[in-house]
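The values are calculated or read from the model by the stated rules, or taken from the named source; none is laboratory data. The shown structure was predicted, so the numbers you read here are calculated from the model rather than taken from an experiment. Note: ideal-geometry Cβ built from the backbone for every residue, glycine included; neighbour counts use all protein chains shown. Accessible surface areas use protein heavy atoms only, side chains included; no ligands, DNA or RNA. Shrake-Rupley method; radii C 1.70, N 1.55, O 1.52, S 1.80 Å.
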Amino acid sequence: DSRASQTAPRRENIHCLNGHPSARAWSIERLRGIDMKATWNGALIAQSDDTVVVEGKHYFPDSSLNREYVILSDHKSSCPWKGQASYYSLIVNGETNRDAAWYYANPKPGAEMVKDRVAFWKGVKVEA
């Protein structure tokens with residue numbers, strides 16, 4: 001059945017950083033067909049069936065963010081192989097989770113798979 005093959009969850013290994021001088025060898029996968037959700041403080045922050053997994057973190061498409069709960073942060077950090085990360089803070093039910101999400105607006109060569117995608121930490125639950 002062609003429908004089954006189109007809707008079945010798929011893992012696609014899209015890049016592996018073998019021998020990169022500033023990173024361990026990480027398997028990077030694009031997951032399609034597995035509905036992933038990011039939640040915090042009882043709110044759905046992001047949801048997508050197309051995430052990229054890098055260093056164990058799911059990167060959601062930027063378009064999947066529930067903008068009602070997301071504000072830009074002025075915090076920045078740097079990854080030796082992905083580049084400069086920018087952050088979002090979350091505000092849900094009057095509580096703030098500062099710098100709980102990050103993204104790479106202009107990732108370095110070799111890390112393009114995270115462009116226009118957002119990952120989470122600081123208590124944000126990511127699960128299927």
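Some observations on this one:
- Among the residues of the range 25-65, those identified as of a type in the set (S, T, N, Q) and over 14 Å from the mean Cα position of the chain (by Cα) are Ser27, Asn41.
- Scope the range 74-85; condition over 17 Å from His58 (Cβ atoms) and either open to solvent by less than 20 Å² (accessible area, probe 1.4 Å) or not in a strand (DSSP E or B) (or both); matching residues: Pro80, Trp81, Gly83
- Subset of the range 86-97 [in contact (Cβ under 8 Å) with a residue 24 or more places away in the chain and open to solvent by 70 Å² or more (accessible area, probe 1.4 Å)]: Asn93, Glu95
- Only a single criterion out of (1) surrounded by fewer than 18 Cβ atoms within 10 Å (Cβ to Cβ); (2) closer than 16 Å to Ala43 by Cα; (3) among the aliphatic types (A, V, I, L, M) is not satisfied by Ala100, namely (1).
- Whenever a residue of the range 99-128 is closer than 15 Å to Trp81 by Cβ and assigned to a loop (DSSP other than H, G, I, E, B), its partners that are of a type in the set (Phe, Trp, Tyr) and at pLDDT 95 or above, lying with C-beta atoms within less than 8 angstrom and at least six residues away or across chains, give the pairs Ala111/Tyr104.
- In the range 27-55, of all residues being part of a loop (DSSP other than H, G, I, E, B) and surrounded by fewer than 16 Cβ atoms within 10 Å (Cβ to Cβ), the one that is modelled with the highest pLDDT corresponds to Gly42.
- Hey, Lys76 basic (Lys, Arg), over 18 Å from Ala38 (Cα atoms), under 13 Å from the mean Cα position of the chain (by Cα) and at pLDDT 95 or above or not: no
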